[in-house]
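Since the structure comes first, as structure tokens, the remarks are kept for the end.
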Amino acid sequence: MAQSNIKVAVQKFGNFLSSMVMPNISAFIAWGLITALFIPTGFFPNESLAKMVSPMVTYLLPLLIGYTGGKLIHAERGAVVGAIATMGVIAGTDIPMFLGAMAMGPLGGYVIKKFDQWIEGKVKSGFEMLVNNFSAGILGGLLAIIAFLAVGPAVKTLTGWLVDGVDWLVATGLLPLTSILIEPAKVLFLNNAINHGVLSPIALEQAKQAGQSALFLLESNPGPGLGVLLAYCIFGKGTAKKSAPGAAIIHFLGGIHEIYFPYILMRPLLFLAVILGGMSGVFTLVLLGGGLFAPASPGSILAIAAVTPHNAGAFAANFAAVLVAAVVSFVVAAFVLKTGKQTDENIEDAAKKMQEMKGKKSSVADVFASNPGEFPQNVNKIVFACDAGMGSSAMGASLLRKKVKEAGLGVSVTNTSISNLPSDAQIVITQEELTPRAQNKLPGAYHVSVDNFLSSPEYETLIDRLQNGGQDPVEEIVEDAENNVPNNDAQTNDGLLLEENVFLNQSFTTKEDAIRFAGNALFKAGYVKENYIEAMIERDQITSTYMGNDVAIPHGTEEAKKEVLKSGFTVIQVPDGIDFDGNLVRVIFGIAGKDGTHLEILSGIAVTCSEMENIEKIVNAKTAAEIIDILNGSKE
């Protein structure tokens with residue numbers, strides 16, 4: 001039990017560190033590009049433009065990390081105090097303070113949060129703004145002084161020790177052994193925390209002296225992951241084999257290393273492949289004298305090329321390190337896959353396992369256990385929110401509304417876009433990646449994150465919670481006309497769900513191909529303008545339109561509602577499945593919604609698809625009429 005608790009604590013810590021870095025990756029990319037282009041050894045040396053490099057790495061990046069760390073703890077006030085505290089640690093040293101920012105940012109947020117809790121209810125009316133501004137300024141200033149005098153010098157000393165330690169590892173030829181820790185930690189915890197939190201500060205010190213550092217390429221080398229994915233392309237089974245080629249391209253060219261983590265978790269012996277691949281790559285890198293002069297963010301071969309010193313020897317060394325790592329990883333992974341038990345490997349299950357190992361919430365019950373706010377009393381309004389307010393949120397609201405009514409609870413369940421969240425919403429339910437936006441929009445509400453809008457058991461927890469809160473049964477739920485699902489008597493499904501818009505036995509290489517197919521079908525059927533198709537792609541990039549239970553519902557962004565001519569649906573049957581961000585999708589509903597006229601039928605679809613038995617029926621249906629009958633069955 002103690003080991004399990006330690007593991008969970010370490011995972012949460014890694015998750016938190018990564019949460020400070022990830023929102024600011026674009027800033028790291030901007031700095032890396034300016035460095036690659038304009039420093040004296042860059043592709044286009046420019047003395048004037050190169051002056052931006054040092055201020056960005058000294059001030060901009062640490063301040064962004066500190067600001068984000070404080071915001072994670074206590075919203076905007078935490079962010080401001082965290083940034084002030086971070087400025088102290090920056091001014092207290094002459095080295096980039098990524099580690100110091102990761103310490104002072106959250107500390108600033110924590111201090112102001114505790115202060116706000118202490119004075120809650122004690123400030124006289126009319127003095128709130130005065131107290132808020134002065135408290136943040138005073139506490140931020142004190143923390144900045146502490147950071148300047150103590151934290152900054154301490155972090156600088158620690159960084160010096162780490163640099164000396166790395167120099168010793170290089171001198172003794174032991175640097176490749178770091179892969180024993182780095183490669184599993186990337187999969188089990190979070191890679192950005194390792195790369196930008198630990199390796200980059202040390203590498204920056206080495207780069208100052210030598211012009212480059214091998215440490216920049218220890219974590220970002222795409223070779224080990226590429227080898228595993230290529231092995232799956234040839235020797236894998238089931239959906240894992242089918243999805244591996246696309247994953248390999250995204251990993252190698254896009255630099256999204258997380259995409260190969262589920263493939264490792266399906267076969268834990270593959271940890272050996274990435275460890276040996278990583279060690280081989282580091283050995284090659286050190287042997288040939290390779291390295292980068294800035295972080296490769298993300299870990300793409302293109303980004304690596306951009307920050308490789310501008311000489312043939314450096315390019316040869318770095319590319320050789322990637323190639324050797326990929327070859328060794330491929331050979332080991334191929335042996336593991338060929339000699340292991342041959343099963344139909346389910347990439348969806350592995351992705352869920354990865355989320356659990358990284359401490360991500362997988363159910364409403366988990367969120368209730370960790371949500372820092374108090375569950376509201378006398379709940380009368382629950383709001384589902386998504387980016388556009390017409391797709392995933394409408395389906396989730398339909399399911400929960402049905403359960404609330406069956407339980408006899410007098411609670412309004414509506415859906416909307418995050419930008420239009422009503423101020424009187426007591427409980428707000430969103431997909432995990434959208435929860436921070438919803439919290440910023442409506443900090444006073446109780447927020448629930450879900451990763452499967454169609455999973456009925458998750459909603460049972462909320463129903464139980466509401467019943468325990470002592471809600472009085474009522475015969476009918478009265479909702480606001482703006483967000484209400486239209487009355488069945490006033491609706492007609494004619495023109496919304498037609499047999500000619502049901503497509504059987506389709507297959508796609510990527511989810512983007514599938515979304516474009518759904519969008520083109522809507523366009524050809526006269527439901528939308530052609531621009532709506534790109535808006536569907538954009539919406540899925542904002543947050544996945546995967547709904548759970550092998551279902552995806554691609555639709556446009558909130559801004560694209562003006563491109564909708566009339567409400568309508570397309571239904572696409574994909575028997576072999578298509579990968580949606582690590583999730584298997586076999587049924588796709590393309591959605592165009594105008595003025596709420598699509599919500600009734602969307603409600604019926606949600607109820608039908610909440611049961612896997614119905615999904616199997618849809619996937620195995622032989623005619624469009626059969627699918628229409630299955631979907632209409634929930635409304636009888």
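Key figures for this structure:
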quantity: Scope region 38-51; condition buried (at least 16 other Cβ atoms within 10 Å of the Cβ) and part of a helix (DSSP H, G or I); matching residues; calculated: F38, A50
quantity: Verdict on G173 being assigned to a loop (DSSP other than H, G, I, E, B), modelled with pLDDT of 75 or more and out of contact with any Asp or Glu (no Cβ under 9 Å at 6 or more places or on another chain); calculated: yes
quantity: Selection status of I95, out of contact with any Cys (no Cβ under 9 Å at 6 or more places or on another chain) and either part of a loop (DSSP other than H, G, I, E, B) or small (G, A, S) (or both); calculated: yes
quantity: Residue within region 121-140 that is among the hydrophobic types (A, V, I, L, M, F, W, C) and in contact with a Ser or Thr (Cβ under 9 Å, 6 or more places away or on another chain) present; calculated: no
quantity: Close pairs from region 19-41: first more than 22 Å from G66 (Cα to Cα), partner surrounded by fewer than 17 Cβ atoms within 10 Å (Cβ to Cβ) and of a type in the set (K, R), Cβ under 9 Å, at least 6 apart; calculated: F38/K51
quantity: Residue match in region 126-148 (condition: surrounded by 16 or more Cβ atoms within 10 Å (Cβ to Cβ), at pLDDT below 80, assigned to a helix (DSSP H, G or I) and in contact with a helix residue (DSSP H, G or I) (Cβ under 8 Å, 6 or more places away or on another chain)); calculated: no
quantity: Some residue of region 177-192 being hydrophobic (A, V, I, L, M, F, W, C), out of contact with any Ser or Thr (no Cβ under 6 Å at 6 or more places or on another chain), assigned to a loop (DSSP other than H, G, I, E, B) and buried (at least 16 other Cβ atoms within 10 Å of the Cβ); calculated: yes
quantity: Cβ pairs under 8 Å, 6+ apart, first in region 524-546 and not assigned by TED's automatic domain parsing to the domain that holds A606, second part of a helix (DSSP H, G or I); calculated: none
quantity: Hits in region 404-415 - residues which are of a type outside the set (G, A, S) and surrounded by fewer than 18 Cβ atoms within 10 Å (Cβ to Cβ); calculated: K405, E406
quantity: Condition check for I605: aliphatic (A, V, I, L, M), touching a residue at least 40 places away in the same chain (Cβ under 8 Å) and closer than 30 Å to H257 by Cβ; calculated: no
quantity: Qualifying residue in region 242-255 (condition: over 21 Å from the mean Cα position of the chain (by Cα) and assigned to a helix (DSSP H, G or I)); calculated: yes
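The values are calculated or read from the model by the stated rules, or taken from the named source; none is laboratory data. None of these values were measured; they are calculated from a predicted model. Backbone-built Cβ (ideal geometry, glycine too); neighbour counts: all protein chains shown.
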